[in-house]
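Inspection log for the structure reproduced underneath, given as C-alpha cells.
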C-alpha cells in the first residue's frame with residue numbers, strides 16, 4: 001500500500017466514524033422533536049446499533065493502532081519497508 005493509499009484508508013475510516021457520530025446526533029434531535037410533539041420515539045434498537053457500530057469501528061482502529069503502532073496508522077510502516 002502506498003502512502004497515498006494509506007491516507008485514503010485513514011480518511012475512509014474517519015469518514016465512517018464521523019457518519020455514525022452524525023447519525024447519533026440526528027437521532028438525538030429526532031428524539032427531542034418527537035418528545036415535544038408527544039410522538040412515538042425511534043426504536044431503541046436503532047440507537048443501540050448506531051452506538052455499537054461507532055464503538056466497534058473505533059475499537060478496531062485502536063486494536064490495530066496498538067498492534068502496529070503509529071507507523072501503521074499514518075502509513076509509514078509500508079513506506080519504510082519498501
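The values are calculated or read from the model by the stated rules, or taken from the named source; none is laboratory data. These numbers come from a predicted model, not from an experiment. Heads up, the Cβs are rebuilt from the backbone with ideal geometry, glycines too, and the neighbour counts pull from every protein chain shown.
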Considering every residue within segment 3-11, establish whether at least one is exposed (fewer than 11 other Cβ atoms within 10 Å of the Cβ) and modelled with pLDDT under 90.
-> yes
Filter segment 33-48 for residues that are surrounded by 10 or more Cβ atoms within 10 Å (Cβ to Cβ) and in a helix (DSSP H, G or I) and give the result.
-> 33, 34, 35, 46, 47, 48
Could you give me the residue pairs with C-beta distances under 6 Å whose first residue belongs to segment 18-39 and is closer than 14 Å to residue 50 by Cα, whose second residue is assigned to a helix (DSSP H, G or I) wherever it lies, and which are 6+ apart or on separate chains?
-> 20/50; 20/53; 20/54; 23/50; 24/50; 27/47
